[in-house]
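The values are calculated or read from the model by the stated rules, or taken from the named source; none is laboratory data. Source: prediction; values computed, not measured. With ligands, DNA and RNA removed, areas are computed over all heavy atoms of the protein, side chains included. Shrake-Rupley method; radii C 1.70, N 1.55, O 1.52, S 1.80 Å.
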Amino acid sequence: KQVGQILTRQDRRDFTAEQITRAMTRLGFTCRPAPTVAAGTATAVLRPLQAAVAMLGTPAYS
């Protein structure tokens, strides 16, 4: 919704996340839900680059 607000210059309350996701998909962007973490699972602290790679869903190279 933040991207939609910036692109349309409208308040976030004026549209739904689903509407923005559909519009971004039509524009050629790959939109997928953020990965979820199971309850009780210990999470490692990632450096900014590692976090970005994890969010994009691409393999990390060391």
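Using θ = phi - 60° and the Karplus curve 6.51 cos²θ - 1.76 cosθ + 1.60, what whole-Hz ³J(HN,Hα) does each residue of region 46-53 get, with Gly and Pro shown as x?
These are the phi-based 3J(HN,Hα) values: 9, 6, x, 5, 4, 5, 5, 4 Hz.
Rank these residues by their accessible area, most exposed first, probe 1.4 Å: Arg32, Arg22. It would help to have the intermediate numbers written out before the result.
Details: Arg32 140, Arg22 115 Å².
Largest accessible area first, the residues go Arg32, Arg22.
Per 0.36 nm of contour for each residue apart, how much would the distance between Phe29 and Ala52 grow if the chain were fully extended, relative to their Cα-Cα spacing?
Values: separation 23, 0.36 × 23 = 8.28 nm, distance 1.63 nm.
Here the segment from Phe29 to Ala52 would lengthen by 6.6 nm.
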